[in-house]
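Chemist: Supplied in C-alpha cells, the structure appears directly below.
Readers should treat all values here as calculations from the given coordinates under stated rules, not as data from a laboratory. Quick caveat: nothing in here was measured; it's all calculated off a predicted structure. Cβ placement follows ideal geometry from the backbone for every residue including glycine, while neighbour counts extend to all protein chains displayed.
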Amino acid sequence: DTAVSQTPKYLVTQMGNDKSIKCEQNLGHDTMYWYKQDSKKFLKIMFSYNNKELIINETVPNRFSPKSPDKAHLNLHINSLELGDSAVYFCASSLLNTGPNVLTFGAGSRLTVL
Amino acid sequence: LAKTTQPISMDSYEGQEVNITCSHNNIATNDYITWYQQFPSQGPRFIIQGYKTKVTNEVASLFIPADRKSSTLSLPRVSLSDTAVYYCLVPAYSGAGSYQLTFGKGTKLSVIP
C-alpha cells in the first residue's frame, strides 16, 4: 500500500497549457504539502494544508493553486505553464501533533514544459 | 529563521563510518532536528530525528551538542546503497502557528567500492 501517491509520475506539456497533479495519502495525516525540486536539487516548499486550510503559502506565482477536497487529498493545479515550471513536484504529509517536521513524501511528479 | 548549512558533497569507501554535520545556528528552543535521505528519482525518506544529546535507530545515529547549533548524522559502515543526498531539516517558525519546512541544499554522499 503506497502511503503517499502522486499522479501522474511524468507530465510533458506545452507552454501556456493548464495541468494538474494529484496527491493522496492513506496515513491519516492532517497536513499535506507540495514541494518543488528544481534541476539544482533544491527542495522548496510551496504550500501546506492543515485540515483543508492553507497554513503556509510561500511566494509562488498565483498560477499555482492547491486544492484540497478532503484531508487525504491535496491537488496542485498550474495555469499558463512556463518553461521555468519544469521541475519535480513532491507531495508530502505529516501529523502535526507528533512534531511539524516528520514528513512522508510521495515519489514525485516530473513536469517538463516545452 | 533557522537556516541549515551542510557540506555539498562527501566521498567514502564502503565499510567506513560517515559523519555529516549540519549547522543551524538560529535553532529555536522547541525545534527538533530531522534528517532525510533521497535517492535519485525518489522522494526524501525520513532517517532520524532528535532534540538533544544522542539518538540511535537501526539506520543511523544523531549527535547533538548541548548548544544545539549543529548536529551530526552518523552512518555506520556504509555500503554502495547508501549513496544518496542527505538533508538536514530544522523547521523555521513563521508565525501564527505555522512553520517553514524548507530544506537546505543537502549533502551528496558517494560511496566508493
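Chemist: How far is it, in nm, from the label point at B:THR29 to the one at A:GLU58 when both lie 7 Å from their Cα along the line to the Cβ?
Modeler: The answer from the label model is 2.9 nm.
Chemist: Between A:LEU114 and A:LYS40, what is 0.36 nm times their sequence separation minus the Cα-Cα distance? Round to one decimal in nm. Don't skip to the answer; put the middle values down first.
Modeler: Values: separation 74, 0.36 × 74 = 26.64 nm, distance 1.89 nm.
Stretched out fully, the A:LEU114 to A:LYS40 stretch lengthens by 24.8 nm.
Chemist: Which of B:THR83, B:THR21, B:THR102 moves the most in a Gaussian network model of chain B with Cα springs under 10 Å?
Modeler: Answer for the Gaussian network model of chain B: B:THR102.
Chemist: What FRET efficiency do you get for B:SER81 and A:LYS22 if R0 is 30 Å and r is their Cβ-Cβ distance, rounded to the nearest 0.05?
Modeler: Numbers: r = 31 Å, r/R0 = 1.02.
For R0 = 30 Å, the calculated efficiency reads 0.45.
Chemist: I need A:PHE90, B:PHE103, A:PHE64, A:PHE42 ordered by Cβ neighbour count within 10 Å, fewest first. Intermediate values should be presented prior to the final figure.
Modeler: Details: A:PHE90 27, B:PHE103 23, A:PHE64 18, A:PHE42 15.
Going from least to most buried by this count: A:PHE42, A:PHE64, B:PHE103, A:PHE90.
Chemist: Once the Cα gyration tensor of the stretch A:1-69 is diagonalised, what are the square roots of 5 times its eigenvalues, in whole Å and ordered largest first, as equivalent ellipsoid semi-axes? Display every interim value, and only then the final one.
Modeler: Details: eigenvalues 84, 52, 35 Å².
Gyration-tensor ellipsoid for the stretch A:1-69: 20, 16, 13 Å.
Chemist: Sort B:33-42, B:48-57 by packing, meaning the average of other beta carbons within 10 Å per residue, with the highest value first. Please list the in-between numbers first.
Modeler: Working: B:33-42: 18.8, B:48-57: 14.7.
In decreasing order of mean packing, B:33-42, B:48-57 become B:33-42, B:48-57.
Chemist: I would also like to ask the following. For the cross-link pairs B:LYS54/B:LYS105; A:LYS41/B:LYS54; A:LYS41/A:LYS67; A:LYS9/B:LYS69; A:LYS22/B:LYS54, which exceed 31 Å when the distance is taken from alpha carbon to alpha carbon? Kindly include the intermediate steps, with their values, before the conclusion.
Modeler: Details: B:LYS54/B:LYS105 24 Å; A:LYS41/B:LYS54 29 Å; A:LYS41/A:LYS67 25 Å; A:LYS9/B:LYS69 38 Å; A:LYS22/B:LYS54 39 Å.
Too far apart for the 31 Å limit: A:LYS9/B:LYS69; A:LYS22/B:LYS54.
Chemist: Once you list every other residue whose beta carbon is under 13 Å from the beta carbon of A:SER109, what net charge do they have if Lys and Arg are +1 and Asp and Glu are -1?
Modeler: Surrounding charge for A:SER109 is +3.
Chemist: Okay, next question. Mind putting a number on the dipole of the stretch B:9-112 about its Cα centre? Charges go on the C-beta only, +1 for Lys and Arg and -1 for Asp and Glu, and I need it in Debye to the nearest 20. Show your work: numbers first, answer last.
Modeler: Numbers: 8 positive and 7 negative charges, 47 e Å.
Its charge dipole is roughly 220 debye.
Chemist: Give, to the nearest whole percent, the P(r) tail of the stretch A:4-113 beyond 21 angstrom, counting all Cα pairs. Mind showing how you got there, number by number?
Modeler: Numbers: 1703 of 5995 pairs.
The share of Cα pairs beyond 21 Å in the stretch A:4-113 comes to 28 percent.
Chemist: What per residue convex hull volume, in Å³, comes out for the stretch B:9-112 when only alpha-carbon positions are used?
Modeler: Numbers: hull volume 10.4 nm³, N = 104.
It comes to 100 Å³ per residue, whole-number rounded.
Chemist: Just how many % of Cα pairs in the protein assembly as shown lie over 32 Å apart, if you round to the nearest whole percent?
Modeler: 19 percent
Chemist: If you plug each phi of the stretch A:79-87 into the Karplus form 6.51 cos²θ - 1.76 cosθ + 1.60 with θ = phi - 60°, what whole-Hz ³J(HN,Hα) values come out, in order, with x for Gly and Pro?
Modeler: With the stated coefficients, the stretch A:79-87 comes to 9, 6, 4, 10, 4, x, 7, 4, 4 Hz.
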